Amino acid sequence: VQLQASGGGLVQPGGSLRLSCVASGNIFSIDAMAWYRQAPGKQRELVARISSISGTNYADSVKGRFTISRDSAKNTVYLQMNSLKPEDSAVYYCNFYLFSGVDYWGQGTQVTVSS
């Protein structure tokens with residue numbers, strides 16, 4: 001199983017980006033899909049998570065600006081990011097967590113918010 005993230009890039013403050021992450025291979029019984037991010041010199045942090053059981057949750061710093069969604073039939077998770085700020089700059093990683101307790105990580109996609 002491989003997770004392929006895409007959609008990152010350079011955007012001006014106030015702009016928008018949409019990240020996508022698709023899983024290839026045989027993957028079943030996905031409980032949650034999530035996006036994390038890691039900025040230089042900082043720990044990886046949860047940005048948004050969508051679960052078939054517990055719904056969605058967001059980091060306080062992105063509430064009202066980011067929206068996570070999933071297409072389970074396509075094993076794909078999206079992150080719509082609006083009103084981007086320089087502090088949103090980071091490498092964004094997708095994560096799929098299975099009911100079995102196994103999880104998978106994508107390779108990361110760079111998001112840079114700068115004028």
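The values are calculated or read from the model by the stated rules, or taken from the named source; none is laboratory data. All figures in this text were calculated on a predicted structure; none of them were measured in a lab. All Cβ positions, glycine included, derive from the backbone under ideal geometry; neighbour counts span all protein chains shown. Keep in mind that these areas ignore ligands, DNA and RNA; they rest on the heavy atoms of the full protein, side chains included. Shrake-Rupley method; radii C 1.70, N 1.55, O 1.52, S 1.80 Å.
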Antiparallel content of DSSP bridges confined to the chain, in %, to 5: 90 percent
³J(HN,Hα) computed for each position of segment 100-115 - Karplus, 6.51 cos²θ - 1.76 cosθ + 1.60, integer Hz, glycine/proline x: 6, x, 7, 9, 10, 10, x, 7, x, 9, 7, 10, 10, 10, 7, 8
Heavy-atom accessible area of segment 11-54 with neighbours in place, 1.4 angstrom probe: carbon+sulfur share in percent works out to 48 percent
Hey, what did the chain get for relative contact order, percent, Cα under 8 Å, at least 6 apart? 37 percent
Using unit Cβ charges (K, R positive; D, E negative) and no other charged atoms, how large, in debye to the nearest 20, is the dipole of the chain about its Cα centre? 160 debye
Cα-Cα pairs above 16 Å in segment 19-115: how many percent? 53 percent
Per residue, how large is the accessible surface of segment 6-70? Use a 1.4 angstrom probe and give square angstrom. 55 Å²
